[in-house]
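Encoded as structure tokens, the structure appears first; notes follow it.
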Amino acid sequence: MARNNLEAGPGLGEEAFERFHARTAPALWGYLRRLGGDPALADDLLQESYVKFLGHVDAASEEREQRAYLYRIATNLLRDRWRQSRREILGLSWLLGRWEEGGRETSAPLRMDLESAFSRLDPRERAILWLAYVEGYDHREIAGIVGVKEGSVRVLLFRARKKAARELDRKEVQS
Amino acid sequence: MRETPRDRDEELQGEERQIASALRQLAAETRPPHPLPTAGQLWWRAEVGRRLAGKADGRVDQALRPATWGQRAGLAVLLVFFTLQAPALLESLGRRIDLGAPLPLVLAGLLPLAAGLLLGLLTRRT
């Protein structure tokens, strides 16, 4: 089959990529959606991320490293979009915004608290929180993805968590 | 074995656990409202991009090559001409033209500018 004769990227085979894609695509979309605040932007960046990933990934590396590399590409693309459009506020809308995917009324109060809490964090802090607690990356990996020093991740994560917790507490006191 | 976020919950305390739990709930609720592009589609897009980039690079190289050769040849001819013929030409012109008149002075001033422009055009790659 002609398709099997093609070589995309310097190494990752098509079947290996299919498995990798199946394991990473929904989670990556969620990351881009919540950081970028826009489902259409998440769609665009998801495709761009995988295309760039295919062009440069080291097939010999472990899947965890490949996954971190994919998130680094996605984070850089998101940062580029913010710079291009000069609409940093878009990044803040990931928890302020549109819950149009609908049908989840049961957790609405928690979501509202999170919206309020995370709207006060800057995009980098949100990325770090997400990568640490949703994706389970360690400080070294987060530093590589976000582009900061490993020691800074510890501090940024601590500050972001404190900020978010303060906001959540404030909401609880008010309600 | 890879440590999962759930494994890490064992180590989390108090507010950290609260934040982690809230974020994971948010992540679990964040699902694409439509099917995402398949791996096959992305694979082909990457492959097409790679091939187009390769072809484009080749074409640009090929297109630039004759121009570069032509520029180099032109420059060489000019250098040879000025080196060998310029003194004789200027001497001949000096005999016929009154060098104190305004027109030859203007022309003499414009000559270096013209030569500079010509060299600039010839050495430009595009």
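The values are calculated or read from the model by the stated rules, or taken from the named source; none is laboratory data. Predicted, not measured: the structure shown is a model, and the values here were computed from it. No Cβ is skipped: glycine too gets one built from the backbone with ideal geometry, and neighbour counts run over all protein chains shown. Please note that ligands, DNA and RNA were not included when accessible areas were found on the heavy atoms of the full protein model with its side chains. Shrake-Rupley method; radii C 1.70, N 1.55, O 1.52, S 1.80 Å.
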Exercise for the section: Hey, can you tell me all the residues within region B:69-84 that are modelled with pLDDT under 75 and either at positive phi or loosely packed, with under 11 Cβ neighbours inside 10 Å (or both)? Expected result: B:69, B:83
Problem - Filter result for the condition that a residue is open to solvent by less than 80 Å² (accessible area, probe 1.4 Å), more than 9 Å from chain A (Cβ to nearest Cβ) and either farther than 29 Å from residue A:35 by Cα or modelled with pLDDT of 80 or more (or both), over B:58, B:40, B:49 - result: B:58
Fill in the blank from the handout: Checked region B:107-126 for anything at pLDDT below 75 and surrounded by 10 or more Cβ atoms within 10 Å (Cβ to Cβ); matches are B:107, B:108, B:121, B:122, B:123
Practice task
Assess whether residue A:153 counts as being outside any helix (DSSP H, G or I) and either open to solvent by 10 Å² or more (accessible area, probe 1.4 Å) or modelled with pLDDT of 90 or more (or both).
Solution key: no
Problem - residue A:155 vs. criteria under 17 Å from residue A:67 (Cβ atoms) and more than 13 Å from chain B (Cβ to nearest Cβ) - result: no
